Amino acid sequence: SLEYAPLMFPAVPDTQVLFSLVEASKKENCDTHIGVVQAKDSFYGQHRPSKMPTAPQLLAQWDAWKKLGVKASEMESGTLFVVGSLLKARSGGVFSVVWNQERYEAGLDTDDVHNVDTEAAIRVAIEAIKNLIEQDRTQNK
């Protein structure tokens, strides 16, 4: 998102969208975790940091993110939120955990199984959009 805003600009979702997603997640009986997510531009930098020329820096940064309690790491939300702010468009994100490499590497999850079921995340997104449409209709009356 550096082409859209300075690095210091906060990449955060629209609060109406966030609250609607939380409400929808509860309605759909999904586990809900709210917090800071690390948005990055390098898939292999996270999954194979030791193979990168910047390995020491990447490993130190990831350690810092973990100590700060980030909920996840992904690659799209930061830019989506910044562009949403720029365009005055509401934006938010629903994340579905595919795999927890930290738990796996710590021996807490011994099965190397990836969750590819996105149905719950899609249901939450649709329900949240319905909520937002209803809120907009009510406000515009």
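The values are calculated or read from the model by the stated rules, or taken from the named source; none is laboratory data. All values derive from a computational prediction rather than experimental measurement. We place every Cβ from the backbone using ideal geometry, glycine too, and count neighbours over all the protein chains shown. Side chains included, ligands, DNA and RNA excluded: accessible areas come from the protein's heavy atoms. Shrake-Rupley method; radii C 1.70, N 1.55, O 1.52, S 1.80 Å.
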Would you mind checking the pairs Lys27/Lys71; Lys66/Lys130; Lys26/Lys51; Lys71/Lys141; Lys26/Lys66; Lys51/Lys88 and listing those with alpha carbons more than 31 angstrom apart? Lys66/Lys130; Lys26/Lys51; Lys71/Lys141; Lys51/Lys88
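How long are the semi-axes of the equivalent ellipsoid of the range 59-141, taking √(5λ) for every eigenvalue λ of the Cα gyration tensor, in whole Å from largest down?
Rounded to whole Å, the semi-axes are 33, 19, 9.
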Please report the accessible area of Asp117 (heavy atoms, 1.4 Å probe, ligands and nucleic acids excluded) in Å², nearest 10. 90
Comparing Ser77, Ser85, Ser42, which has the greatest mean-square fluctuation in the GNM of the chain with Cα pairs linked when under 10 Å apart? Ser42
FRET efficiency for Ile126 and Glu105, Cβ-Cβ distance as r, R0 = 41 Å, nearest 0.05? 0.75
Mind listing the phi-derived Karplus ³J(HN,Hα) values for the range 62-68, rounded to whole Hz, using 6.51, -1.76 and 1.60 with θ = phi - 60°, and x for any glycine or proline? 5, 4, 5, 4, 4, 5, 7
At 37 °C and 0.692 mPa s, what whole-number value in µm²/s does Stokes-Einstein give for the translational diffusion of the chain, with Rh from the Kirkwood sum over Cα pairs? 192
With runs of 4+ DSSP H residues as the only contributors, calculate the mean residue ellipticity of the chain at 222 nm using -39,500 (n - 2.57) per run, divided by the residue total and rounded to the nearest 500. -14500 deg cm²/dmol
Considering only protein heavy atoms and a 1.4 Å probe, what is the carbon-and-sulfur percentage of the accessible area of the chain? 57
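Does the range 1-46 come out rounded, prolate or oblate, given a ≥ b ≥ c as the square roots of the eigenvalues of its C-alpha gyration tensor, rounded meaning a/c under 1.5 and, failing that, prolate meaning a/b above b/c?
In terms of gyration-tensor shape, oblate.
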Select from Phe19, Phe95, Phe43 the residue whose mean-square fluctuation is largest in a Gaussian network model of the chain (Cα-Cα springs shorter than 10 Å). Phe43
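If r is the Cβ-Cβ distance from Asp136 to Ile34 and R0 is 30 Å, what FRET efficiency results, to the nearest 0.05?
0.85
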The ³J(HN,Hα) series, computed from each phi in the range 95-105 with the Karplus coefficients 6.51, -1.76 and 1.60 at θ = phi - 60°, rounded to the nearest Hz and given as x for glycine or proline, is 10, 10, 6, 8, 6, 10, 5, 5, 5, 4, 5
What is the angle, in °, between the Cα long axis of helix 77-87 and the longest principal axis of the Cα atoms in the chain? Nearest 10 is fine, range 0 to 90. 40
Can you give me the accessible area per residue for the chain, using a 1.4 Å probe, in Å²? 74
Calculate the length of the line joining the C-alpha centroid of the range 81-102 to that of the range 1-23, in whole Å. 7
Looks like the range 36-88, by Cα gyration tensor root eigenvalues a ≥ b ≥ c and the a/c under 1.5 rounded cutoff (else prolate when a/b is bigger than b/c, oblate otherwise), is prolate
